[in-house]
Structures are given as structure tokens and as C-alpha cells.
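This report refers to the structure that appears directly beneath it.
Derivation of every value follows stated rules applied to the coordinates shown; laboratory data play no part. Quick caveat, the model's predicted, so the values are computed rather than measured. FYI the Cβ positions are ideal-geometry reconstructions off the backbone, even for glycines, and counts take in every protein chain you see.
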Amino acid sequence: MADDKRKDLLRKLSRNLMVTVPMMTVVAVAGFSDSNTSSFSLIPSAEAAQGEAEGEAYGEAEGEAHGEAEAGQAEAEGQAEGEAEGQAEGEAEGTSARLKEAVSRPQGYTPYQGNVANLAAQGEKLFNDTTLSSNGLSCATCHADGAGYSASFKNDYPHSVAMAQRDFDKDEVYLDEMVQICMVAPMASEPLDWDGQQLAALTEFMRQEQEAFKGR
């Protein structure tokens with residue numbers, strides 16, 4: 001587009017010079033009859049005028065081309081930035097919806113069954129295991145020695161928990177759902193397998209923690 005405009009300007013310049021130069025040549029010839037000095041001073045003036053006009057036309061075309069290129073680049077960068085932001089927002093919303101579903105009991109869910117004492121012992125180890133998280137936290141980081149539980153922890157499950165309501169739109173949660181929410185939110189990890197031994201073990205240990213909390 002810029003090259004077409006440049007060519008169009010140069011064509012107009014050439015047409016103007018076809019009229020201007022002969023007229024200046026006539027003046028130069030007329031001056032030659034009166035004075036040799038004046039004739040030689042007029043012809044270079046025509047060449048200078050032509051050079052100046054060509055320079056202006058070329059500069060104008062170059063300026064327009066440069067301006068259009070910068071505008072096009074800015075528009076492309078703005079569009080790319082907008083698309084990237086939209087994609088990031090969409091991915092964040094999609095992840096939030098996915099995790100809300102991931103911490104909810106699946107349809108037809110049956111918890112893992114095992115020896116209660118063994119599960120509780122394994123659950124206590126997992127309670128202190130920082131490798132379950134992606135940020136170096138463990139359950140014990142917030143709840144060591146019975147700390148960090150709200151008063152509602154004494155209530156039978158399912159019941160309302162502020163964090164579950166605020167962050168996951170859940171009016172009530174089961175104890176194993178609360179374990180999954182803690183895995184996802186404070187510990188920044190993926191939920192445990194719903195039918196797995198780890199979830200059953202942590203849930204059983206948390207049940208014992210709840211009984212101890214009720215007795216305080």
C-alpha cells in the first residue's frame with residue numbers, strides 16, 4: 001500500500017515537472033538574450049526545484065509508509081495482547097469450575113474400605129507429609145496440635161464451612177470433601193483419588209481429630 005502511494009506521488013510530480021521545467025526553460029532562454037549571467041543562473045534553479053520536489057514527494061511517501069507500518073504493528077500487538085488476556089481469563093475460569101467439581105463427591109461414590117486403625121495411622125503420617133502439596137505445606141502446617149480449626153469443626157458432617165462456601169460455592173460439605181478442599185486450596189495440589197486409600201486414611205485421621213476437638 002505504501003509503495004503504491006509513493007508511486008502515485010512521483011507520477012503527480014512528473015506531470016507537474018513536465019509543465020514547470022519547459023516554462024522555466026523559456027524564461028532561461030529569454031534571459032540569455034539579455035544577459036549570459038542570468039541565463040546560466042535560471043537553469044540550475046529549475047534543476048534545484050525538481051530535486052526539491054522529488055525529495056519532498058519521496059519523504060512524504062516514506063513518512064506515510066512508516067506511519068502505516070507502525071500503526072499496523074501496534075494494532076497487531078494490541079490484538080495479540082487482547083487475545084492472550086482473554087485466553088488466560090478463560091483458562092482461569094475453566095480451572096476454577098473444574099476444581100469445584102473435583103472437590104465434590106462423585107455420583108455413586110463409595111469410600112475406600114479398610115482397617116480403621118491402620119487407616120488412622122496412615123492418615124497421621126499423611127497429615128504431616130509436605131510432599132502432598134506443591135508449596136511445601138502439610139495439613140499440620142495449619143492444624144498442628146489441634147490449632148486452626150473453626151468452631152464449626154465440632155458439628156457433625158455434612159455442615160457449612162466458611163472456606164467451602166466462599167471459594168467453592170458449597171453450602172455444606174462432607175469431611176472427605178473438606179479434605180479435598182484443603183488439598184486444592186491451601187496446599188495448591190490436585191485432589192486425592194476419591195476411591196483411593198490416601199483419601200480414606202486422611203479422612204479417618206481427621207475424624208479422630210474432630211473427636212479430640214469436641215472434647216476440648
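Each residue of the range 154-160 was assigned a 3J(HN,Hα) from its phi angle through the Karplus expression (A = 6.51, B = -1.76, C = 1.60, θ = phi - 60°), giving 6, 6, 5, 7, x, 8, 7 Hz with x at Gly and Pro. Residue-normalised convex hull volume from the C-alpha trace of the range 133-198: 100 Å³ per residue.
For E101, the shell of other residues with beta-carbons less than 12 Å away shows a net charge of +2, using +1 for Lys and Arg and -1 for Asp and Glu.
Relative contact order for the range 91-183 using alpha-carbon pairs under 8 Å, separation at least 6, rounded to a whole percent? It rounds to 23 percent for the range 91-183. Under 5 Å from the amide H of H159 lie the amide H atoms of V173, each residue being 5 or more positions distant or on a separate chain, with H modelled from the backbone and absent for Pro and chain starts. Modelled this way, with points 7 Å down the Cα-to-C-beta line, the labels at N115 and S160 are 4.2 nm from one another.
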